[in-house]
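The values are calculated or read from the model by the stated rules, or taken from the named source; none is laboratory data. All values derive from a computational prediction rather than experimental measurement. As a convention, Cβ positions derive from the backbone with ideal geometry for all residues, glycine included, and neighbour counts pool all protein chains shown. Protein only, heavy atoms only, side chains kept; ligands, DNA and RNA dropped before computing areas. Shrake-Rupley method; radii C 1.70, N 1.55, O 1.52, S 1.80 Å.
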Amino acid sequence: MALVESRGRAAGDVLPEATLHDPDGRPVEVASLAGPKGLLVAITCNHCPYAQAVWPRLIDLAEHAKGLGIATVAVNPNLNPAYPDDSPREMKAEIARRGIAFPYLADMDQSFARALSAACTPEFFLYDAGRRLAYHGRLDDDWKDASRVTRHELRDAIEALASGQPIATDPRPSMGCSIKWVED
């Protein structure tokens, strides 16, 4: 496992157009998933210990965001044959095991993750209603232990976006396992 930090993205970047697939292979337009106030895109997977540690918090946060008009989609770019735990079949099992109530989609050719310049799992991108990037950074200040979290950066960004308030302009990067890129 290679620990990597996310690379900064400019606020205002446009959500890339993409058709991804649910674990059963059905196509889904990412932009169509947005709520009236925005869309949270979580680049994640099944096998990464960093992603595993924050899944419960992401699930809770997605429910909170939904109530504020912001939808959530999780995207798995690790469709690398060397990582069978991240296969669509295993994604489907993860959805059932964790009770994930928002779309968890496969980025089969990794083009969406590349368009975002994503680097790690988990990594978070929050878009406003105009599909402009409002926040790119970590979930909170303790990836490993939810009981030690003192700064809820992503939750704060979601609440600010939903209420029309400014979002902190200096987010800290996400950190996690490197995306398992398939070589061309």
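For segment 83-184, what is the convex hull (Cα atoms) projected area averaged across all directions, in square nanometres?
8.1
Looking at ALA115, ASN46, ALA65, which one has the Cα that reaches farthest to the positive end of the dipole of the chain (charges on Cβ: Lys, Arg +1; Asp, Glu -1)?
Sorting the options by dipole projection puts first ALA65.
Is there a quick way to get the dipole size of segment 116-158? I mean about its Cα centre, with the Cβ of Lys and Arg at +1 and of Asp and Glu at -1; what is the value in debye to the nearest 20? Let's see the in-between values first.
Details: 7 positive and 8 negative charges, 24 e Å.
Dipole about the Cα centre, nearest 20: 120 debye.
Calculate the FRET efficiency for LYS144 and ASP60 from the Cβ-Cβ distance with a Förster distance of 22 Å, rounded to the nearest 0.05.
Efficiency, rounded to the nearest 0.05: 0.85.
Farthest toward the dipole's positive end in the chain, which of PRO84, ALA106, GLY35, given Cβ charges of +1 (Lys, Arg) and -1 (Asp, Glu) about the Cα centre?
After comparing all options, I get GLY35.
Cα axis of helix 88-98 to longest principal axis of the chain: angle in degrees, 0 to 90, nearest 10?
50
If you place +1 on the Cβ of every Lys and Arg and -1 on the Cβ of every Asp and Glu, how big does the dipole about the Cα centre of segment 110-184 come out, in debye to the nearest 20?
So the dipole magnitude of segment 110-184 works out to roughly 80 debye.
Counting Lys and Arg as +1 and Asp and Glu as -1, each charge on the Cβ, what is the dipole of segment 52-184 about the Cα centre in debye, to the nearest 20?
The dipole of segment 52-184 has a size of about 220 debye.
Report the Cα-based extents of segment 26-119 along its three principal axes, largest first, to the nearest Å.
Sorted from largest, the Cα extents of segment 26-119 read 39, 27, 25 Å.
Hey, what's the per residue convex hull volume over the C-alpha atoms of the chain, in cubic angstrom? Intermediate results must be reported in sequence, preceding the final value.
On the way: hull volume 19.9 nm³, N = 184.
Hull volume over Cα atoms, normalised by residue count, gives 108 Å³.
What residue among LEU154, ALA134, PRO166 has its Cα farthest toward the positive end of the dipole of segment 125-171, where the charges are +1 on Lys, Arg and -1 on Asp, Glu, each on the Cβ?
Result: ALA134, furthest along the dipole toward the positive end.
With the full set of protein chains in place, find how many percent of the accessible area of segment 35-164 is carbon and sulfur; take the probe as 1.4 Å.
51
Give the span of segment 144-184's Cα atoms along each principal axis, as three whole-Å numbers ordered largest to smallest.
Its Cα atoms span 43, 28, 17 Å along the three principal axes.
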